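The values are calculated or read from the model by the stated rules, or taken from the named source; none is laboratory data. Computed from a predicted structure; not experimentally measured. Note: ideal-geometry Cβ built from the backbone for every residue, glycine included; neighbour counts use all protein chains shown.
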């Protein structure tokens, strides 16, 4: 038992736990270790997949299963297995073929358990995956890609950094809006389609969300208080459903939720050092 033993803290990765340049402020790492040493349960709650999570596993201390694929799965780092997962109820290959026909100028990607997969030549996508330490593969119809948990549709990839997908032209934003509308009409009955970043659309099973996975994990761990930190549209469900929610001061959602410092200054550390003690003190005062 410790002072944080009632708390599960889940934090988005990109631009919440990390700075805009994708580095992790050391202040966050130190705060998370302190939080866990004093009984807190911490994990990352991200749209990233298992392959995209692997590069940060030796940098970010966690003591609870990772919540990945925008809530489609909880992945136990210790066992290398899913605690739970929710698959897209569609034929993977037919879905990919339809998207490539509808959006020939976009990048269609399936995020598997062992790698991210492309279906046509795309050197920019290859460089992006390599830079971010993500295993990648070229898939052909009939290949077994594992559980169909998530696929993504990207705007033009013109840089190897994740941060470049958070900015674009008005024309690019309109194009993504149109693609989202088409995908919702085509797959909306069984899938969620939303903006993970201004120029990325993520698609996963209907009803899946960061909020749902955080509550599932909270119940399994037996924690009384769910605290969440995030920054962007795909964090909305998690932030709205949390018992307490916080966003970095420079987040897209900074005008909708209580804020802490900017992500580069250690936003997660602010939540741990400043906000959670206030929450626990209020609980004691009741």
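Residue 35 meets all of the listed conditions (1) at positive phi; (2) at pLDDT 95 or above; (3) not in a loop (DSSP other than H, G, I, E, B) but one, namely (1). When residue 134 is tested against the conditions (1) surrounded by 18 or more Cβ atoms within 10 Å (Cβ to Cβ); (2) over 19 Å from residue 187 (Cβ atoms); (3) without any contact (Cβ under 8 Å) to a residue 24 or more places away in the chain, the lone failure is (3). Any residue at all in segment 14-31 that's assigned to a strand (DSSP E or B) and buried (at least 18 other Cβ atoms within 10 Å of the Cβ)? No, there is no match, as no residue in segment 14-31 is assigned to a strand (DSSP E or B) and buried (at least 18 other Cβ atoms within 10 Å of the Cβ). If you go through segment 216-231 and keep only what is assigned to a loop (DSSP other than H, G, I, E, B) and either surrounded by fewer than 22 Cβ atoms within 10 Å (Cβ to Cβ) or not assigned by TED's automatic domain parsing to the domain that holds residue 65 (or both), you end up with 222, 223, 224. Would segment 19-38 turn up any residue that is in contact with a strand residue (DSSP E or B) (Cβ under 6 Å, 6 or more places away or on another chain) and free of Cβ contacts under 8 Å to residues at least 40 places away in the same chain? Looking for residues that are in contact with a strand residue (DSSP E or B) (Cβ under 6 Å, 6 or more places away or on another chain) and free of Cβ contacts under 8 Å to residues at least 40 places away in the same chain, one finds at least one in segment 19-38, hence yes.
When you check residue 47 against the structure, is it more than 20 Å from residue 248 (Cα to Cα) and either in contact with a strand residue (DSSP E or B) (Cβ under 9 Å, 6 or more places away or on another chain) or in a loop (DSSP other than H, G, I, E, B) (or both), yes or no? Here the answer is no, as residue 47 does not meet what is asked.
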